[in-house]
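The values are calculated or read from the model by the stated rules, or taken from the named source; none is laboratory data. The model shown is predicted, which means the values in this text are computed figures rather than measured ones. Cβ atoms come from the backbone with ideal geometry, glycine included; neighbour counts cover every protein chain shown. Areas reflect the complete protein model, heavy atoms only, side chains present, ligands, DNA and RNA absent. Shrake-Rupley method; radii C 1.70, N 1.55, O 1.52, S 1.80 Å.
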Amino acid sequence: MRVVLASQNAGKLREFSTLFEGVATLLTPAEVGLHLDIEESGASFAENAERKAQAFAEASKLPSLADDSGLCVDALQGRPGVHSARYASSDAERIARLLDELKGCPEGQRAAHFACVLCLAFPGGGVVFSEGVCHGRIAYAPRGPHGFGYDPLFELPTGKTMAELTREEKAEVSHRGLAARHMRAQMEVLGKP
């Protein structure tokens, strides 16, 4: 199945290309001649993912896969949530802002989770959803050379941050990896005659 990934994020493209290998060939928007800027103004991850997937499916006339994902911090009443990517203008600034907002937050109150909703949309209508959630806590300082976004701050129950995991290890436990496995299973069924 040829599927347009409704994202310009190079980190997501690398992760999804690995996660969907063998079941779908992911195409970038540039590969199909598209440059769409879809406003992510929905109230939920699902609403934003569906909005992006449908727009790219209609414009490309190919199935389109979109995700919306983010970090939800308990002590911040779920923020940054759907605003995770827009919390500041760069990964470094997002991390700095989050640490600043959690200054003085004690060890036992730093619980957080990553959430991801994937939407596969088809030209002319029809959508399929999958979700993944990964629980952890916010570390006091960034650690690890891998990953992107909030990965260096998100500490798993093992004590490692997402950014300290290899790509393969991250795919096994991450919110995106879990959502992708569920979506992959649905794609395998959809791809059968």
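What to note about this one:
- Every condition in (1) basic (K, R); (2) touching a residue at least 12 places away in the same chain (Cβ under 8 Å); (3) farther than 21 Å from N9 by Cα is met by K103 except one, and the failing one is (2).
- Criterion (at pLDDT 95 or above, open to solvent by less than 20 Å² (accessible area, probe 1.4 Å) and either of a type in the set (A, V, I, L, M, F, W, C) or under 27 Å from E169 (Cβ atoms) (or both)) met by exactly one of A53, A111: A53
- Residue list for region 74-100, filter: under 15 Å from F154 (Cβ atoms), without any contact (Cβ under 8 Å) to a residue 40 or more places away in the chain and among the hydroxyl-bearing types (S, T, Y): Y87
- Among the residues making up region 158-173, those that are in contact with an Asp or Glu (Cβ under 8 Å, 6 or more places away or on another chain), open to solvent by less than 50 Å² (accessible area, probe 1.4 Å) and not β-branched (V, I, T) are M162, A163, K170, A171.
- Residue within region 62-71 that is at pLDDT below 95 and more than 12 Å from the chain's Cα centre (by Cα) present: no
- Per-region count, region 90-106, residues open to solvent by less than 80 Å² (accessible area, probe 1.4 Å), touching a strand residue (DSSP E or B) at 6+ places or on another chain (Cβ under 9 Å) and in a helix (DSSP H, G or I): 4
- Subset of region 138-157 [in contact with a Gly (Cβ under 9 Å, 6 or more places away or on another chain) and either modelled with pLDDT of 95 or more or open to solvent by 60 Å² or more (accessible area, probe 1.4 Å) (or both)]: Y150, D151, P152, F154, E155, L156, P157
- The residues of region 156-193 that are within 18 Å of P63 (Cβ to Cβ) and among the β-branched types (V, I, T) amount to a single one, V189.
- Given (1) surrounded by 20 or more Cβ atoms within 10 Å (Cβ to Cβ); (2) over 15 Å from the mean Cα position of the chain (by Cα), number of the condition E58 does not satisfy: (1)
- Hits in region 18-47 - residues which are of a type outside the set (A, V, I, L, M, F, W, C), surrounded by 10 or more Cβ atoms within 10 Å (Cβ to Cβ) and not in a strand (DSSP E or B): T18, E21, T28, P29, E31, E40, G42, S44, E47
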